[in-house]
Structure formats: C-alpha cells, structure tokens
1. Would you tally the residues in the range 223-236 being open to solvent by less than 30 Å² (accessible area, probe 1.4 Å) and over 15 Å from VAL90 (Cα atoms)?
2. Could you list all residues from the range 102-128 that are open to solvent by 80 Å² or more (accessible area, probe 1.4 Å) and charged (D, E, K, R)?
3. At pLDDT 95 or above and of a type outside the set (A, V, I, L, M): does that describe ARG168?
4. Condition check: at pLDDT 90 or above, under 22 Å from LEU241 (Cα atoms) and among the hydrophobic types (A, V, I, L, M, F, W, C). Does ALA51 satisfy that?
5. Select from the range 128-165 the residues that are at pLDDT below 95 and of a type in the set (Ser, Thr, Tyr) and list them in ascending order.
6. Could you list, in sequence order, the residues of the range 205-222 that are open to solvent by 20 Å² or more (accessible area, probe 1.4 Å) and more than 19 Å from the chain's Cα centre (by Cα)?
7. Which residue pairs have Cβ atoms under 7 Å apart, sit 6 or more places apart or on different chains, and have a first residue in the range 95-108 that is within 21 Å of HIS71 (Cα to Cα) and of a type in the set (Ser, Thr, Tyr) and a second that is part of a loop (DSSP other than H, G, I, E, B) and at pLDDT 95 or above?
8. Being among the charged types (D, E, K, R) and more than 16 Å from ASN192 (Cα to Cα) is the filter here; which residues of the range 212-234 pass it?
Amino acid sequence: MNRRILLLGGTTEALRPARRLGLETVYSLAGLGRVPAALPCHVRVGGFGGAEGLAAFIASEGIELLLDLTHPYAAQISHNAARAAEITGVPCWALRRPGWQPGADDDWREVDDWDALTRALVPFERPFFTSGREPLAHLHEIPEHQHWTVRCLQAEPAPLRAEVIGARGPFSLDEERALFARLRCDVLVSKNSGSASTEPKLQVARELGLPVLLLRRPELPVVAREFAESESLWEALQQRL
C-alpha cells in the first residue's frame with residue numbers, strides 16, 4: 001500500500017479501516033478514551049495544535065488522504081480537518097453518521113446547549129446522562145430535588161446526590177433494562193450520535209415511556225467526500241488504494 005493516510009478516529013467505525021490498513025496509515029486519537037491494542041498501523045495520541053498544526057503534520061508526514069471518522073459531536077476537530085485539507089490541498093473524506101429518528105411512541109426533545117438542557121430538566125428528579133463528560137463539570141450544581149446518574153468512559157468519585165458510572169458500549173438491551181430499573185430514572189439525556197452500539201437505551205426509554213432530551217447536533221463542515229456509513233467509505237478507500 002503506497003498511499004499515506006491520516007485517520008482521525010475514536011469511534012467504532014474508525015477501528016475497521018485502522019485494523020485493515022498497514023504501516024502507511026497513521027491512526028490519530030485525542031487520548032480521552034482507551035487506546036486500541038495491536039493495530040497494524042501507526043497510532044498517534046494527542047492533539048495537533050489546531051488546523052494549522054494539523055496542516056503542518058500532514059505536510060511533514062507526506063499525508064495524501066485525510067479521513068475524518070470522529071464522533072458526530074467532535075465538531076472542532078472536524079472543522080480543523082476541513083481547514084487543514086484546504087491549506088494543504090489534501091482531500092478530506094468524512095463519515096457523517098446519520099442521527100437517530102424518533103418513532104411514533106417516542107417523546108424526544110432537542111436542546112441547543114447546557115443552559116437549555118438544565119431548564120428542560122427542572123421537572124424531573126432522576127435524570128440519566130449518557131451525553132459524555134460535560135455533566136461532570138456541573139455536579140456541584142445539582143438541584144436539591146434531583147439525583148443525577150452520569151455514564152461516561154471513566155468512573156470517578158461523585159457527590160452525595162450523584163453517581164458516575166464508567167462504561168463503554170456496546171450495551172445490550174437486557175443490560176440497559178436492568179440499569180434503568182436500578183436507577184429508577186425519569187428522563188434520559190443523550191447526544192444523537194446515531195451509533196448502533198448505544199441505541200438500546202432509546203428502546204428502553206420507549207418501553208418505559210420516558211422522555212429523552214437530546215443535545216442538538218453541531219453543524220459540520222463540507223469536505224471533498226462524505227459517507228453515511230462505513231462500508232461505502234471502505235469500498236471507496238479500496239478503489240483509491
């Protein structure tokens with residue numbers, strides 16, 4: 001394989017090409033989660049220093065193709081990738097995973113930011129956060145009538161009226177049912193990631209008739225090629241290679 005690829009990863013979909021591509025590929029992670037073991041490509045952990053730093057890395061490493069397979073809510077790195085591609089003239093391909101769509105029995109409510117979310121949470125007593133680490137910075141703000149449960153990649157100590165669960169998907173439907181029953185939550189808070197590995201929580205919320213507060217997706221930049229699912233991206237990548 002004679003084309004040098006920089007793959008911006010951190011998602012389940014990113015691991016598939018990372019496991020198939022060889023030493024001419026650099027797999028880059030922000031370093032917030034677990035670093036995959038035994039990948040055949042080079043693994044790089046850490047930031048680049050913005051779009052200009054990423055462009056400098058692309059130029060110094062002779063990168064010929066930039067793949068953005070980051071999380072749909074990782075808007076900053078996606079914008080940096082698009083700008084770095086523009087600076088260097090290297091094409092950027094991105095996986096733009098479709099979001100989940102509500103069914104007839106779903107009570108989904110979109111919110112724009114943390115302030116809007118906290119206002120929407122006022123009527124509830126036991127919210128279950130599955131939206132990443134942001135709630136951890138607000139554990140000291142928990143209203144007196146609420147108990148928060150936060151599920152993120154790493155557990156950490158929590159104040160009296162909170163629980164922080166460290167766990168990584170995929171989560172089975174039975175596992176989610178058992179967890180919801182234990183937590184006695186009355187509202188689910190999530191990002192609309194569109195990932196199949198974390199979708200069972202939505203089915204459990206539907207079964208229990210629980211409302212779901214979804215943080216609205218950020219706007220992502222247009223790049224040279226965009227793919228809705230990983231299989232089509234892989235097929236295009238094989239043709240290019």
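1. Looking only at the range 223-236, we keep the residues that are open to solvent by less than 30 Å² (accessible area, probe 1.4 Å), and these are 223, 227, 233-234, 236.
Filter once more, so that each one left must be over 15 Å from VAL90 (Cα atoms): 227, 233-234, 236.
Residues meeting the conditions: 4.
2. If we filter the range 102-128 for residues that are open to solvent by 80 Å² or more (accessible area, probe 1.4 Å), which is where we start, we get 104-105, 109-110, 112, 115, 119, 122-123, 125.
Once the filter is applied, which keeps residues that are open to solvent by 80 Å² or more (accessible area, probe 1.4 Å) and charged (D, E, K, R), the range 102-128 yields ASP105, ARG109, GLU110, ASP112, ASP115, ARG119, GLU125.
3. Working: at pLDDT 95 or above: no; of a type outside the set (A, V, I, L, M): yes.
No, not satisfied.
4. Numbers: at pLDDT 90 or above: yes; under 22 Å from LEU241 (Cα atoms): no; among the hydrophobic types (A, V, I, L, M, F, W, C): yes.
Considered against the rule, which asks whether it is at pLDDT 90 or above, under 22 Å from LEU241 (Cα atoms) and among the hydrophobic types (A, V, I, L, M, F, W, C), ALA51 comes out as no.
5. The answer is SER131, and nothing else.
6. Those that are open to solvent by 20 Å² or more (accessible area, probe 1.4 Å) and more than 19 Å from the chain's Cα centre (by Cα): ARG206, GLU207, LEU208, GLY209, LEU210.
7. Sorted first by the residue in the range 95-108, then by its partner, the list stays empty.
8. Of the residues in the range 212-234, the ones among the charged types (D, E, K, R) are 216-217, 219, 225-226, 229, 231.
ARG225, GLU226, GLU231 - these are the residues of the range 212-234 that are among the charged types (D, E, K, R) and more than 16 Å from ASN192 (Cα to Cα).
The values are calculated or read from the model by the stated rules, or taken from the named source; none is laboratory data. Quick caveat, the model's predicted, so the values are computed rather than measured. Backbone-built Cβ (ideal geometry, glycine too); neighbour counts: all protein chains shown. The protein model used for the area step is the full one, side chains on, heavy atoms only, and it has no ligands, DNA or RNA in it. Shrake-Rupley method; radii C 1.70, N 1.55, O 1.52, S 1.80 Å.
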